[in-house]
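A short write-up of the structure that comes next.
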């Protein structure tokens, strides 16, 4: 074995060893949580501000004669303190027509470090954009990077984590980490103060998050969002490329008697893709 190959083999073994991995048993849960927390912090720092274009097809799947809504938006993902990643959205096209008469799309001029005024403007654009959704319910879990906050070191104590499985995907060992929220106040304000749960697909060696699933489930509702990440070869970051949302709602027409109440059911879906990623510099 050449010196170069031997050094590469030793480095790989050291990386695997640092995660506490057994070839048969997989990673130790504390090591996986620590690696994921380190990754989220590093990710926010490396992300700085990344812009993308979002293409979303929204459907009312409970109505046979309901026109789908096609929205195109500017999106900015911003890495802030303590591993927090904020997402902002500005719809610029609805069903093929301009959503607003503007000479310049504001989020394309987002710059780092953001001022308080710039962040306030970005939040206002996001709120306004949600008014164009086919249902307000799709706005509750519509930030693709939201599940990363469950892994941030300051938030991990709020959750219980369970190692669900470990498998090989695309040549890498990937662990599926299930989480359930225990702490209050809730990380995500939601109907009935419902705790969030879900799953995270984590690259065992690097701690990178490659897929997320976020669920809010109550007596009369279920919100579910799944996000898929891919490594961007130019920016060299794992970035969200697809998001699938589904919302199921039950409305009780005579809520005083739950067992005998008449109910109306509604279901909504959003199928979203992201492209044209680029760094926004100072």
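Here is the figure for the range 87-97: residues that are under 16 Å from the mean Cα position of the chain (by Cα) and touching a residue at least 40 places away in the same chain (Cβ under 8 Å) total 2. Looking across the range 53-69, the residues that are farther than 19 Å from residue 240 by Cβ and assigned to a strand (DSSP E or B) come down to 59, 60, 69. Out of 175, 100, one residue alone is over 16 Å from the mean Cα position of the chain (by Cα), at pLDDT below 90 and more than 17 Å from residue 77 (Cα to Cα). It is 100. Consider the range 21-50 and keep the residues that are buried (at least 20 other Cβ atoms within 10 Å of the Cβ) and part of a strand (DSSP E or B). The one that is modelled with the highest pLDDT is 50.
Residues checked against (1) in a strand (DSSP E or B); (2) touching a residue at least 40 places away in the same chain (Cβ under 8 Å):
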| site | (1), (2) |
| --- | --- |
| 205 | no, yes |
| 213 | yes, yes |
| 216 | yes, yes |
| 241 | yes, no |
| 266 | yes, yes |
| 272 | yes, yes |
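Restricting 71, 107 to those that are closer than 19 Å to residue 139 by Cβ, modelled with pLDDT under 95 and either touching a strand residue (DSSP E or B) at 6+ places or on another chain (Cβ under 7 Å) or loosely packed, with under 13 Cβ neighbours inside 10 Å (or both) reduces the list to 107. Count of the range 110-132 residues, restricted to those that are in a helix (DSSP H, G or I), within 24 Å of the chain's Cα centre (by Cα) and surrounded by fewer than 10 Cβ atoms within 10 Å (Cβ to Cβ), is 1. Note on the range 184-203: residues that are without any contact (Cβ under 8 Å) to a residue 24 or more places away in the chain and crowded, with 16+ Cβ neighbours inside 10 Å amount to 2.
The values are calculated or read from the model by the stated rules, or taken from the named source; none is laboratory data. Given the structure is predicted, the values throughout are model-derived calculations rather than measurements. So basically every Cβ, Gly included, is an ideal-geometry build from the backbone, and we count neighbours across all protein chains shown.
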